[in-house]
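Colleague: Okay, handing you the structure first.
The values are calculated or read from the model by the stated rules, or taken from the named source; none is laboratory data. All figures in this text were calculated on a predicted structure; none of them were measured in a lab. Every residue, glycine among them, receives a Cβ derived from its backbone with ideal geometry; neighbour counts consider all protein chains shown. With ligands, DNA and RNA removed, areas are computed over all heavy atoms of the protein, side chains included. Shrake-Rupley method; radii C 1.70, N 1.55, O 1.52, S 1.80 Å.
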Amino acid sequence: MAKSKFEYVRYFEQENKCLKNCWIVVRIDGKNFHRFTEIHEFDKPNDINGLNLMSNAAVNVLREFSDINLAFGHSDEFSFVFKKKTNIFNRRSDKILSLVNSIFSSSFVFLWNKYFPNKQLIYAPAFDARIVLYPTDQNLRDYFSWRQADVHVNNLYNTCFWALVLKMGLSPVEAEEKLRGTLSSAKNELLYKNFDINYNNEPEIFRKGTVLVRKCISWEGATKPKSVIIPLHCDIIKDDFWNSHPEILDQSETPLVDKLKLDHYFVCEQKNFKM
């Protein structure tokens with residue numbers, strides 16, 4: 001291609017690269033989703049179809065980027081972890097950020113009718129995104145502990161708030177005032193005494209969010225193992241999760257699991273998840 005006199009403008013472009021030997025975390029968060037869920041009449045305090053839509057959009061991101069070995073989401077946010085050793089797009093932050101966000105956002109819109117066949121998408125949602133680098137495994141684990149702890153705090157409050165509004169008939173202002181300054185123990189007691197709700201029996205997808213991990217399965221007659229993405233609703237703060245999935249931190253090959261065991265995972269952990 002012949003050069004033109006205008007080509008000099010390309011030198012104004014700057015390349016920002018993610019520091020090597022760091023975990024790359026891309027976090028996507030809905031913009032003004034409180035308004036979006038109100039206008040589209042999401043169930044309160046949790047809309048299972050909305051959560052499944054978010055998770056399926058996240059699955060599409062994992063399908064596109066094999067270097068993402070873990071994702072975690074709840075409410076209107078999802079976090080994606082690229083391996084420390086990834087060299088995707090030469091670790092250019094603008095390329096990684098824009099593509100992850102665009103694939104997630106477009107998937108959310110594309111899949112809308114699958115999860116809300118009787119609701120028209122009135123306007124397109126928007127998501128902001130950021131990249132954060134974490135140098136150590138412990139930093140990464142603490143990040144996910146922070147996000148899952150946030151799930152518990154927000155969901156417990158929202159469960160109480162909407163019970164007061166929808167079941168007791170309080171106004172939103174009155175519900176906020178009643179809950180202001182209360183501890184978790186008081187909120188649990190409020191749910192149990194007034195609404196016969198044991199918060200610990202609420203679905204784990206609401207209380208713990210959704211974790212997406214990769215596994216491989218093989219079966220008789222298959223030419224090669226098949227990579228699958230498994231949704232889990234489990235504790236990721238304690239050691240059990242990380243000990244059960246050591247390939248996440250050591251960045252080893254995706255482990256081969258027994259197909260029967262995998263089927264069990266889908267039966268037990270994928271009750272509300274639709275691929």
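Colleague: Ignoring ligands, DNA and RNA, what percent of the accessible area of the chain is carbon or sulfur (1.4 Å)?
Modeller: Details: 7880 of 15490 Å².
Summing carbon and sulfur atoms, their accessible area is 51 percent of the total for the chain.
Colleague: Mind checking which helices in the chain clear 20 Å along their axis (Cα) and have mean Kyte-Doolittle hydropathy of 0.0 or more, DSSP H runs only? Let's see the in-between values first.
Modeller: Values: long enough: 48-64 (24 Å, 0.39); 93-110 (25 Å, 0.98); 137-166 (43 Å, -0.34).
Counting only whole DSSP H runs, the qualifying helices are 48-64, 93-110.
Colleague: Write down, largest first, the equivalent ellipsoid semi-axes of region 155-208 in whole Å, where each equals the square root of 5 times an eigenvalue of the alpha-carbon gyration tensor. Walk me through the numbers on the way to the answer.
Modeller: Values: eigenvalues 62, 27, 23 Å².
Listed largest to smallest, the semi-axes of region 155-208 are 18, 12, 11 Å.
Colleague: Now, a different point. Using only helices, what value at 222 nm comes out for the chain when you add -39,500 (n - 2.57) per DSSP H run of length 4 or more and divide by the total residues, to the nearest 500 deg cm²/dmol? Let's see the in-between values first.
Modeller: Working: 11 runs with 122 residues, N = 275.
The helix contribution divided over the chain gives -13500 deg cm²/dmol.
Colleague: Which residue fluctuates the most in the chain, going by a Gaussian network model with Cα springs under 10 Å, if the choices are 34, 152, 233?
Modeller: 34
Colleague: Determine how large the accessible area of residue 44 is when every protein chain is in place; take a 1.4 Å probe and give Å² rounded to the nearest 10.
Modeller: That residue has around 60 Å² of solvent-accessible surface.
Colleague: Assigning unit charges at the beta carbon (Lys, Arg +1; Asp, Glu -1) and nothing else, what dipole magnitude in debye, to the nearest 20, does region 1-119 show about its Cα centre? Present the calculation step by step, with values, prior to reporting the outcome.
Modeller: On the way: 18 positive and 13 negative charges, 140 e Å.
Computed about the Cα centre, the dipole is about 680 debye.
Colleague: Give me the number: length gained by fully extending residue 201 to residue 121, i.e. 0.36 nm times residue separation minus the C-alpha to C-alpha distance, one decimal in nm. Don't skip to the end; give the middle numbers.
Modeller: Details: separation 80, 0.36 × 80 = 28.80 nm, distance 3.25 nm.
Contour length minus the Cα-Cα distance gives 25.5 nm.
Colleague: Pull up all non-local amide H partners of residue 70: gap of 5 or more, or a different chain, and H-to-H distance under 5 Å with H placed in the peptide plane.
Modeller: 81
Colleague: Compute the relative contact order of region 1-117 as a whole-number percentage, counting only Cα pairs closer than 8 Å that sit 6 or more residues apart in sequence. Mind dumping the intermediate values first?
Modeller: Values: 113 pairs, mean separation 42.8, N = 117.
Once normalised by length, the contact order is 37 percent.
Colleague: So what's the gap between the Cα centers of region 26-100 and region 130-155, to the nearest angstrom?
Modeller: The distance from the Cα centre of region 26-100 to that of region 130-155 comes to 14 Å.
Colleague: Ranked highest first by average number of other Cβ atoms within 10 Å, how do 236-247, 156-167 line up? Before the final figure, lay out each step's value.
Modeller: Numbers: 236-247: 13.6, 156-167: 18.1.
Top of the packing list down: 156-167, 236-247.
Colleague: Compute a Gaussian network model of the chain, connecting alpha carbons closer than 10 Å, and tell me which residue from 115, 123, 199 fluctuates the most.
Modeller: Top of the fluctuation ranking is 123.
Colleague: Just to be sure I understand: if I project the alpha-carbon convex hull of the chain onto a plane and average over all orientations, what area do I get in nm²?
Modeller: Result: a mean projected hull area of 20.1 nm².
Colleague: What ranking of 205, 103 comes out by heavy-atom accessible area, probe 1.4 Å, highest first? Walk me through the intermediate numbers first.
Modeller: Values: 205 15, 103 35 Å².
Correct descending sequence by accessible area is 103, 205.
Colleague: Treating only the Cβ of Lys, Arg, Asp and Glu as charged (+1, +1, -1, -1), what charge dipole size does the chain show about its Cα centre? Round to the nearest 20 debye.
Modeller: Working: 37 positive and 34 negative charges, 185 e Å.
Value, rounded to 20: 880 debye.
Colleague: From the square roots a ≥ b ≥ c of the eigenvalues of the alpha-carbon gyration tensor of region 6-134, which class results: rounded (a/c under 1.5), prolate (a/b over b/c), or oblate?
Modeller: Details: a/c = 2.48, a/b = 1.74, b/c = 1.42.
It comes out prolate by the Cα gyration axes.
Colleague: Can I ask one more? Can you run the Rg to Rh ratio on region 85-208? Use alpha carbon positions and the Kirkwood inverse-distance Rh. It would help to have the intermediate numbers written out before the result.
Modeller: On the way: Rg = 19.7 Å, Rh = 18.3 Å.
Rg divided by Rh gives 1.08.
Colleague: Each label point is 7 Å from the Cα along the Cα-to-Cβ direction; what then is the distance between the points at residue 15 and residue 136, in nm?
Modeller: About 3.1 nm, to one decimal.
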